1. Do you know which of the residues in region 121-174 that are assigned to a loop (DSSP other than H, G, I, E, B) and out of contact with any helix residue (DSSP H, G or I) (no Cβ under 8 Å at 6 or more places or on another chain) is farthest from Ala269 (Cα to Cα)?
2. Of the residues that make up region 268-278, is at least one open to solvent by less than 40 Å² (accessible area, probe 1.4 Å), closer than 20 Å to Ala118 by Cα, under 22 Å from the mean Cα position of the chain (by Cα) and not basic (Lys, Arg)?
3. Quickly run through region 447-462 and pick out the residues that are within 12 Å of Leu418 (Cβ to Cβ) and without any contact (Cβ under 8 Å) to a residue 24 or more places away in the chain.
4. For region 203-213, state whether one or more residues are acidic (Asp, Glu), in contact with a helix residue (DSSP H, G or I) (Cβ under 6 Å, 6 or more places away or on another chain), in a helix (DSSP H, G or I) and open to solvent by 20 Å² or more (accessible area, probe 1.4 Å).
5. Listed residues Asp301, Asp283; which is over 22 Å from Gly126 (Cα atoms), of a type in the set (Asp, Glu) and in a loop (DSSP other than H, G, I, E, B)?
6. Could you pull out every one of the helices (runs of 4 or more DSSP H) wholly within region 322-433 that has 2 or more residues that are among the hydroxyl-bearing types (Ser, Thr, Tyr)?
7. Within region 60-93, work out how many residues are among the β-branched types (Val, Ile, Thr), open to solvent by less than 70 Å² (accessible area, probe 1.4 Å) and at pLDDT below 90.
Amino acid sequence: MNVAIWAEVRRLAEIEKLSGRAISQRLHCSRHTVAAALTLDQPPASQVSRYASNLDAHTAKIDALLAKYPELSAVRIREEIARGPDGYTGSVSVVRRYLRKVRPARGRIYQEVHYEPAHAMQVDWGECGHVPVGATTRKVSVFVAVLCYSRLIYIEFTLSQRKEEFYRGIVHALEFFGGSPRAVIFDNLKAAVLNGSGRAACLHPEFLALCGYFCLQPIACERRDPESKGIVERGVRYVKQNALAGRAEKLTRFEDYLALASQWRDQIANVRMHETTRERPVDRFGQEHSLLRSLPATPFDTDLVVPVVVNPLARIEFDGNRYSVPPRLARQPVTIRASRDEVRVLHEGQVVAQHVRCYERRQLIVLPDHRLAALELRKRSRSTALELEFDALGPEARQFHLRLKSQPVKTGVHLRRLLGLAKLYGTAELLAAIARALELATYDAAYVENLLLAERRRRELPTPTLPTPRRRELIDEIELDPTDPAIYDRFCNDTEEDSNGTT
């Protein structure tokens, strides 16, 4: 008898005042069922029919095994009870169902933690797939920091999870929050923990320096215990399921990730209704902001500092790429200081090279000045008299000389021709033509001569010529007196006398 029949029998008997025979005829049931229903004051309990199982004969043995080995798996228990001629012949799924009934459920019991305003911040990494950078594919990661009270979130996409990126993310998060809480909670990542975990963790000295600079108490989680920082774990999951989901066709470059971070953070994440606090993080942050500790006036240095030795080709290797340095530093020790956007090379405390940081792989980044200096050192170990004479004309001549060396021409032929033009047109006009040639990136003596001729025609000046006798040795025999400027006074005096005679 089920509850529906019991309820209908009672209604017909109490409300419609039918007899037991009439009720049985209407409901098409036995009079004994009607009589039994009328004797019950409470609904009948549902009875689950239980069929006999071939495991019933082995339950005593299973109980004995569990008493001795509580963690024994269902597969091992089946192996034990299947031995012998009368052993168990059923499937392991039946054993698993029985174990779920008799063995207590395993798992941790969690306690909800409430944080006071400005008490703690949780930080963690998340992986976000890959993105092409030039001809290279790089892994994209997201750094997530969440204030435990207000749930205000800060995210930053990076191309690695190295310690300098982790430290830089914490500094940028504190700058975004406008102050520092009393503690920072993190897991067992190598940028923060050298060995151990939890209270026994040995922390990285550089991470301790960062915490000391901002007066943060470092709290390391136990190994394999992500629940102890569940707030930021949910934040990482929220980034993947909300910020990144459905945007694959829009995130084709790393710059797209950088633009998404601030837009999603300010327009979606921090202004939504939080499902736990039932408040918007940006509104709840108003109660917390004034309690945060003010940041130091001097920014914390998060640059990566690496000592290296310059190779014989005047290159240094960093992050899978090669960067140029001045050739004079070949085989000498230098220091690399790398930020997110640039790579600086220091020698004896002075910056000797500064490059835009490249995030591709196996690239060669060379500054033009370093290339020219290398050409100068390689092509001339000793300056010839011709080169020294040409370089002495001025800085434009020296620059033209360096550029000329990078061309597949005979440098001496061009320098000799240019020195001849200097004697013919003068140094000033030659340097002006050379400066124009440098602007046009044309390094040729004939082109410089054409520029000189064009300038002469524009100014309507005659083209100077040099005497070219058939027998050049005769010129050496000609002796001329040194010029005397006073000779020109005679022409002036003659002109005055002529004018007086005329009047």
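1. It comes out as Ala135.
2. Yes - at least one qualifying residue is present in region 268-278.
3. Matches in region 447-462: Tyr447, Leu451.
4. No, region 203-213 contains no residue that is acidic (Asp, Glu), in contact with a helix residue (DSSP H, G or I) (Cβ under 6 Å, 6 or more places away or on another chain), in a helix (DSSP H, G or I) and open to solvent by 20 Å² or more (accessible area, probe 1.4 Å).
5. Asp301
6. 411-425
7. Of the residues in region 60-93, 0 are among the β-branched types (Val, Ile, Thr), open to solvent by less than 70 Å² (accessible area, probe 1.4 Å) and at pLDDT below 90.
Let's see how each residue does on (1) open to solvent by 30 Å² or more (accessible area, probe 1.4 Å); (2) in contact with a Gly (Cβ under 8 Å, 6 or more places away or on another chain); (3) without any contact (Cβ under 8 Å) to a residue 24 or more places away in the chain; (4) farther than 25 Å from Glu376 by Cβ:
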{"position": "Thr298", "(1), (2), (3), (4)": "yes, no, yes, yes"}
{"position": "Asp303", "(1), (2), (3), (4)": "yes, no, no, yes"}
{"position": "Thr335", "(1), (2), (3), (4)": "yes, no, no, yes"}
{"position": "Glu342", "(1), (2), (3), (4)": "yes, no, yes, yes"}
{"position": "Glu348", "(1), (2), (3), (4)": "yes, no, yes, no"}
{"position": "Val351", "(1), (2), (3), (4)": "yes, no, yes, no"}
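The values are calculated or read from the model by the stated rules, or taken from the named source; none is laboratory data. Small disclaimer: the values here were computed from a predicted structure and weren't measured. Cβ coordinates were reconstructed from backbone atoms using ideal geometry, including for glycine residues, and neighbour counts include every protein chain displayed. Accessible surface is based on the protein model in full, side chains and every heavy atom, while ligands, DNA and RNA are left aside. Shrake-Rupley method; radii C 1.70, N 1.55, O 1.52, S 1.80 Å.
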